[in-house]
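Working notes, beginning with the structure itself.
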Amino acid sequence: MPVSPPKNLRKLIENGVFSNESDVLKQFMAELATEKRLEKGEVLFEQGDPGETLYAIGSGTLEFSVLSPDGRKLILDVMNKGAIFGEIALFSPGPRTATVIALEAATVWGVKNTDVLASLRERPELGVDMIQLAGRRMRWMGQQLRDQVFLPLTMRLAQKILYLAMHNGTHDNVLKLSQAELAEFVGVSRESVSKTLAIWKREGVIDLSRGSLRILEKENLEKIAASEII
């Protein structure tokens, strides 16, 4: 039997993909959500698995990754409480495009495509909101793809470091990731990441230690993220 959504699920729904949507649509999605609990190291789904569910993270931390054709792992993101993912499967069920694993015990709330369609038959007026939501997400994903293809390594790496420091770092701008893990995030070799980080260290933008990175000059790193030239 589905678990009734907690009172704070509405706050999760209001984040991410639904932040600019109507209150009616947010409540609609919250009413359809069911809970799933994950142990540390448990896989929520793997790349290629059939999928039809959108998820909101209620607690814990999840890692998102893909495998390249030659078997290399690329970490796409690490998400925490409040993040929403799986929009593609909600609008168009099909093979999952990434693998999701719990880095610690976690709780997620899922909304299935079949439940949404069944409910839309009773509330067809929300269909327009759902179509508009899908269009906005398609534009956003298109921009992400263009950035990955056309932006130079320096910009992509700076953007990723700033993003991870904001969402998963510590209060003193320390990001606890190895250079190999950063390379997996950006989709390049460890050597390429190491060379770039070494330059930034010499320029005083960052500091490096084993398994971690500290941002020393955030403004300069933001300039790199916006342009190749400081």
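The values are calculated or read from the model by the stated rules, or taken from the named source; none is laboratory data. A quick note: this is a predicted structure, and the numbers were derived from the prediction, not measured. Every residue, glycine among them, receives a Cβ derived from its backbone with ideal geometry; neighbour counts consider all protein chains shown. Only protein heavy atoms, including side chains, enter the accessible area calculation; ligands, DNA and RNA are left aside. Shrake-Rupley method; radii C 1.70, N 1.55, O 1.52, S 1.80 Å.
A few points about this structure:
- Of all residues making up the stretch 218-228, the number that are surrounded by 15 or more Cβ atoms within 10 Å (Cβ to Cβ) and under 16 Å from L164 (Cα atoms): 3
- Filtered residues of the stretch 27-53 (kept if surrounded by 18 or more Cβ atoms within 10 Å (Cβ to Cβ) and either free of Cβ contacts under 8 Å to residues at least 40 places away in the same chain or not assigned by the TED database to the domain that holds L126 (or both)): A30
- Selection from the stretch 88-131 of residues that are out of contact with any strand residue (DSSP E or B) (no Cβ under 6 Å at 6 or more places or on another chain) and in contact (Cβ under 8 Å) with a residue 60 or more places away in the chain: E104, A105, N113, T114, D115, V116, S119, R123, L126, D129, M130
- Filtered residue count, the stretch 156-171, keeping only those that are at pLDDT below 80 and open to solvent by 60 Å² or more (accessible area, probe 1.4 Å): 3
- Qualifying residue in the stretch 65-80 (condition: open to solvent by less than 40 Å² (accessible area, probe 1.4 Å), within 26 Å of Q159 (Cα to Cα) and at pLDDT 85 or above): yes
- Members of the stretch 179-213 found to be crowded, with 16+ Cβ neighbours inside 10 Å and part of a strand (DSSP E or B), listed by number: I206, L213
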